[in-house]
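S.K.: Structure in C-alpha cells, see below.
Where a number appears in this text, it was derived from the coordinates with a stated rule and is not lab data. In this text, all values refer to a predicted model and were calculated from it rather than measured experimentally. Using ideal geometry, Cβ is built from the backbone for each residue, glycine included, and neighbour counts are taken over all protein chains shown.
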Amino acid sequence: MTSTAPRAFVVGLGALTAAGRGVGALRAALRSGVRPLRPPSRLSVPAEFRLPGGEVPDFDEPAGLPRTHALAREAAREALRGRATPPDAVVLGVTTGGIGTTERLFAAGEREPARYALHGAGTVAELVARDAGCTGPALTVATACSSGAVALAIALELLRSGRSRSVLAGGVDGLCRLTWHGFRLLQLVDPRGTRPLDADRSGLTVAEGAGMVLLVGAAEPPEDALAELRGAGLTCDAHHPTQPLPGGEGARRAIVRALADAGIDPADVGYVNLHGTGTTDNDAAEAAAVRAVWPAPPPVSSTKGITGHPLAAAGAVEAVVAVLALREGLLPPNVGLGMVDPALGLDPLREPVDRFPRVVVSNSFGFGGNNAVLVFERADERSSGLAVGTEGSPSRNRAAAVPVPVPRDATRAWKGGVLEVLGAACLSGAGGTEATLAAFRAGASCAGTAADEVLTAGLPPRVVRRIRRLPRMALALSEAARDAAGATGAPRSVFFGTAWGPLSETHEFLAALFASGDRFASPTDFVGSVHNAPAGGLAIRHGASGPNVTATAGDASFEQALFLASLFARGEDEPILAGGADEFHPVLSPLVAPTEAGSAAADGGGLLVLRRANGTRGIRVVPVIPATDHGGGPWSALVEALGGAEAVRARFGAVFTADPAATSRPAAADDAAASPRREFGEQAHFEGPVIDARRLLGAYATVSAAATVVAVELVRAGTLPAALAGGRDLPLEGRGILVASLGPRPAAIAVLGPGNAP
Amino acid sequence: MDPLLDELRVKLVEAVGLTDVRPEDIRPDEPLVGDGLGLDSIDILELVVMLEEDYGVKIDNKELGRKVFASLRSLADHVREHRTPPRS
C-alpha cells in the first residue's frame, strides 16, 4: 500500500434488528437498554422449543422473497437513502441465504426447481445490487458468525486498492429452522435469553437481522462522513469446528492485526464492542483475548443482550453500533447481566454511557475458528491530512493531500492481483488430478462423481469420520495440491468457493429434523452444514491461522474466492490455499442446482497452493470479474480488462469455457447472437480452440476451479493436446489459457505461462 | 454380560462415526472424552441426541453430562436408571 491509498469512510447506515426496523430503532434500544428478545411469531416452533429469539418485529417478507433477502433489501435501501448514484460494488456476509423458504418448500414436498431459485446465499447480494442499480460485482462471503465483519474487511481492501470508489457492505440472516434447532441441539441456547458475560450465562439467543454500511474511498473525510473504517484483522484459530482456542489466542491475534492495520495504538481505543454471544466458551476466550491486548481494558459491552445473535448479520449490525458510538457519544450497555462472571476479568458497561470515544474496536468470531475484528475512528480525527496518533503510536500517514487516482475502468471490471501457482490438484468423475488430466487430454468427458474411496484415500479415518462429501473433497484436494507444491511451507490463509456448501450435511440435518417433528437431528451435521466448514477443516488440517474466507456466488464462487485471495495476498513467504468445489447430492442438487437436460450427475473442484507473484516467474493466475450490465456487455469489459482484443489473442492459446447459460438453452435457440461464447469470440476476435470445460469436466457450479487446474497443467506442459486442438498438437509458445465462466455471473481466470505478462 | 452396555457400544461407535474402533474394543471404564476414546464436545452432543431419541433420557446440563459421559459404564448405568418408554 502506498501513502496515497484511499481511506474508507462510512457515509450511510442501515439496520433491522430485534429492536425494530431501522437504525433509529436500534439507537433507541441502545440508549434505553431494552431487551426485546422473545419467542418468534413468524417461525413455526414446537411449544417445548419456544425459547426467546431475536425476531425483527412488524416485518413480513413479501410473497416470493425469502426473509433473508427482504431484510437485506430494506437495510440496503436505508443505507443508500438520498444517494444519487449506486455503489460500485456490494459485499455481503450471508450464511443461510434462502434456506428459510427452502425449508418450507422441501417439507411440503415441492420438487419444482424454479421455486428454489433464491436458495443460494449469493442471490441475496445479487438482489441487493440489482435493487440499488449497482452493475459492479456482488460478492458474498459465508464465514459463519463473522461474515458481516469479513464483508466490511473486504470492502476496506477494495477501497484502499482503488478498485471501488464506493461499496455497500453488510451482513444478513433471517430466522429459520436450521439455525433455530441447530444451536438448540448444540446446547448453545440460553432458555432465559442470552446474558453475555454473566456468571450464570448458558448460551446465545438465535436472532435475525441485517446491517448495512455504505463506505466511500477518499483521501479526506467527505462532508457526510459518519466515521472512518481504519483497519481490519482476520485470523483463524485452526483448532476446532466450534470451540475457540482456549485462552482466546486466535481472537487476540485478530485484534492485534486489526490495530496494526489501522495504525492505532491500543491505548487510544475508547470502547470495545464484544462478540459476547453469551456462551460459556466464547465469552471466556474473548475476555482472555481482550485482557491480553489491554491489561486495563477500555469500556466494553456486548450488545447481543439487545439484538440477540443475528449470525452473519452480527458483525455488520455491530459495525452500525460502533459508528453510533463514535458519532453520537453513546457507549451501549451490556443488557441481560445479573452478576458479572469474575473469572472473565472484565467490567462491562451496565448502563448507557454518554462519552465520545476516538476509536472503537468491534469483535466478531464464528464457527470454523473465524475471527474478524474491525477498527473504526471518528471521521474528524485526521482532517489536517496528517496522522495524529499519539506519540510513539504506529500510525501510518495514509492521509495524503493529493487526490486519489481511480482507474478509469474501476467499475467496468475488477482485475485481481497476480498469484503464482506452487501446486495444484483437481477432482472429477474420472478421479484425481492425473486421471482427470489423462481423460481431458484425450478429449474424453470426466463428468461424474468420484467414489468416496477416492476422496478418503490417504486421509486418516479420524480426520474424515464426521464429515460428509464436500469437506472430504476439500481435504482430498488439499493433500494432493500440497504434494504437488513440494517443499512449499504450510499455507497461512484459505480462500474457498462453493455455490451450495455442504449439501449432504444440510440435507441430513433437515431430513432428520422434519422426520422427528423438529425434535432431533445431528448436531455434527449442523456444524458441518455451514458453507465455511470445509475451509475451516482445511485450516485445521494445514495449520492455516491467517484469513479464512469462503465465497459463495453460484457459478462465480471460485472466481470470487480467487479474487479475494489475490486481494489479501501479502508476503511471498505466506502461501495461500485457494480453490473451489461443489458436491452432487441426489435430492438437493436437482432442486437448487438444476443443470442442462441430459447432463450427468457431476461434482468435483480444484485447489491451488499460491503466493503473491513476483514478476513473471512461474505459472500465474489472475482473476477478473467484469461488471454485470454495461454498455457493450460483460464481455467487452472482460476483454478490455485483459488488455484488449489484440492482447487476448496474443496472450492466450486457448479458452476454456464454463457456460451454463448457453448449454442450458435448447439447441434451436442457440443462435449466434444469443451465445455468450460466440459473443466473446466476436469481442476478442479469438480464433484459437474454445473448449467446453463444463461438458468435459462436469456440469456443476465450481467446475471452473477444476478447469483452472487443468489449464495450469497444460500451460506448464506448453502444449494443447491434439484431441482438444482440432487434430494436431498445438504448441502454446508461452501463451496461457483463459478460463471464462460465460454464464449469468460472468467471470474469468487468466492462466499465464512463465514470462507472459498479465 | 450386560446387554445394555453392549447395545450402547454399538450405538456409540455408529453415532460418532468411529470407523477405526470396533465396538467390542471399547473398555467399559476407559474415558470417552480426551485421552481414551478421544471424543470431543460435538461427539458428546451427538450422544445426547441419541440418548433422548432412543431411550428418552435427557441430558441438558454440563455437570450431569460430565458424570454420564465419563465412561461406557457410567453411560449404561445412567440409561438403565432413567430410560423411559419411547414416545410414539
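S.K.: Can you give the % of DSSP beta bridges in the stretch A:413-752 that are antiparallel, to the nearest 5? Please report the intermediate quantities before stating the final value.
M.R.: On the way: 33 of 52 bridges.
For the stretch A:413-752, the DSSP antiparallel bridge percentage is about 65.
S.K.: Additional query: Full extension from A:ALA219 to A:GLU351: what is 0.36 nm times the residue separation minus their Cα-Cα distance, to one decimal in nm?
M.R.: 43.8 nm
S.K.: Can I ask one more? What does the structure give for B:48-60 when I average, per residue, the other chain Cβ atoms found within 10 Å of the residue Cβ?
M.R.: 2
S.K.: Which residues in the stretch A:572-613 place their backbone N less than 19 Å from a point set 7 Å from the Cα of A:ARG130 along the Cα-to-Cβ direction?
M.R.: Within reach of a label on A:ARG130: A:592-595.
S.K.: In what order do A:THR85, A:THR657, A:THR449 fall by count of nearby beta-carbon atoms within 10 Å, going from fewest to most? Don't skip to the end; give the middle numbers.
M.R.: Values: A:THR85 11, A:THR657 25, A:THR449 21.
Fewest-to-most ranking of A:THR85, A:THR657, A:THR449: A:THR85, A:THR449, A:THR657.
S.K.: Here is a further query. Averaged over peptide A:426-437, how many Cβ atoms belonging to another chain are found within 10 Å of each residue's Cβ?
M.R.: On the way: counts 0, 0, 0, 0, 0, 0, 0, 0, 0, 0, 0, 0.
Per residue, the number of nearby Cβ atoms from other chains is 0 on average.
S.K.: Another question, then. What average number of partner chain Cβ atoms lie no more than 10 Å from the Cβ of the residues making up B:12-21? Write down the numbers at each step before the final one.
M.R.: Numbers: counts 0, 0, 0, 3, 4, 7, 4, 5, 4, 3.
The mean count of partner-chain Cβ atoms within 10 Å per residue comes to 3.
S.K.: Show me B:33-43, A:453-463, A:25-35, A:155-165 ranked by packing, highest mean number of other Cβ atoms within 10 Å first. Before the final figure, lay out the partial values.
M.R.: Numbers: B:33-43: 15.9, A:453-463: 14.2, A:25-35: 18.7, A:155-165: 23.6.
Packing proxy ranking, top to bottom: A:155-165, A:25-35, B:33-43, A:453-463.
S.K.: Given H placed on each backbone N at 1.01 Å, which residues far from A:LEU13 in sequence or on other chains put an amide H within less than 5 Å of it?
M.R.: Here A:LEU214 satisfy the definition.
S.K.: To test your reading of the geometry: what angle, between 0 and 90 degrees and rounded to tens, separates the Cα axis of helix B:3-15 from the longest principal axis of chain B?
M.R.: 70 degrees
S.K.: While we're on this one: Give the calculated FRET efficiency between A:ALA515 and A:ALA457 to the nearest 0.05, with a Förster radius of 30 Å applied to their Cβ-Cβ distance.
M.R.: On the way: r = 33 Å, r/R0 = 1.10.
Working from the Cβ atoms, E equals 0.35.
S.K.: With the crude spin-label approximation of a point 7 Å out along Cα→Cβ, what separation in nm comes out for B:ASP54 versus B:GLU24?
M.R.: 1.9 nm
S.K.: Pop the C-beta distance of B:THR84 and A:SER44 into the FRET formula with R0 = 35 Å and round what comes out to the nearest 0.05. Intermediate values should be presented prior to the final figure.
M.R.: Working: r = 27 Å, r/R0 = 0.76.
So, using R0 = 35 Å, E works out to roughly 0.85.
S.K.: To the nearest 0.05, what FRET efficiency results for A:THR85 and A:LEU65 with a Förster distance of 22 Å applied to their C-beta separation? Write down the numbers at each step before the final one.
M.R.: Details: r = 25 Å, r/R0 = 1.15.
E(calc), rounded to 0.05, equals 0.30.
S.K.: If you don't mind, another one. Where does chain A land at 222 nm, in deg cm²/dmol rounded to the nearest 500, when only DSSP H runs of n ≥ 4 count, each adding -39500 (n - 2.57), divided by all residues? Please report the intermediate quantities before stating the final value.
M.R.: Values: 25 runs with 246 residues, N = 758.
Here the helix-only value at 222 nm equals -9500 deg cm²/dmol.
S.K.: Same structure, new question: Determine the relative contact order of chain B: mean sequence separation of Cα pairs under 8 Å and six or more apart, normalised by residue count, in whole percent.
M.R.: Values: 83 pairs, mean separation 28.1, N = 88.
Value for chain B: 32 percent.
S.K.: Also, quick follow-up: Over the stretch B:7-88, one equal point on each Cα, no solvent: what is log10 I(q)/I(0) by the Debye formula at q = 0.22, 0.25 Å⁻¹?
M.R.: Debye output, listed in q order: -1.06, -1.40.
S.K.: Taking θ as phi - 60°, what are the ³J(HN,Hα) couplings along the stretch A:47-57 by the Karplus curve (6.51, -1.76, 1.60), each to the nearest whole Hz, with x for Gly and Pro?
M.R.: Going residue by residue, I get 3, 5, 10, 7, 8, x, x, x, 8, 5, x Hz, with x marking Gly and Pro.
S.K.: Hey, another quick one. Starting from one equal scatterer on each C-alpha and no solvent at all, send me the Debye-based log10 I(q)/I(0) for chain A at q = 0.05, 0.09 Å⁻¹, two decimals.
M.R.: -0.22, -0.74
S.K.: Treating cross-link reach as a plain straight distance, find the lysines whose alpha-carbon is under 30 Å from the alpha-carbon of A:LYS304, omitting any fewer than eight places away in the same chain.
M.R.: Reachable lysines: B:LYS58, B:LYS62.
S.K.: What share of the DSSP beta bridges in chain A is antiparallel, in percent to the nearest 5? Provide the component values of the computation, followed by the final result.
M.R.: Numbers: 76 of 114 bridges.
Among the beta bridges of chain A, antiparallel pairing accounts for roughly 65 percent.
S.K.: Within 10 Å, count the other beta carbons around each residue, average over each peptide in A:70-81, A:606-617, and list them highest first. The partial results should precede the final answer.
M.R.: On the way: A:70-81: 23.9, A:606-617: 21.9.
In descending order of packing, they fall as A:70-81, A:606-617.
S.K.: OK, next. Please state the relative contact order of chain A as a whole percent: Cα pairs under 8 Å, 6+ residues apart? Display every interim value, and only then the final one.
M.R.: Working: 2148 pairs, mean separation 110.9, N = 758.
After rounding, I find 15 percent.
S.K.: Show me the ranking of peptides B:74-85, A:645-656 by mean Cβ neighbours inside 10 Å, starting with the highest.
M.R.: Sorting B:74-85, A:645-656 by mean packing, highest first, produces A:645-656, B:74-85.
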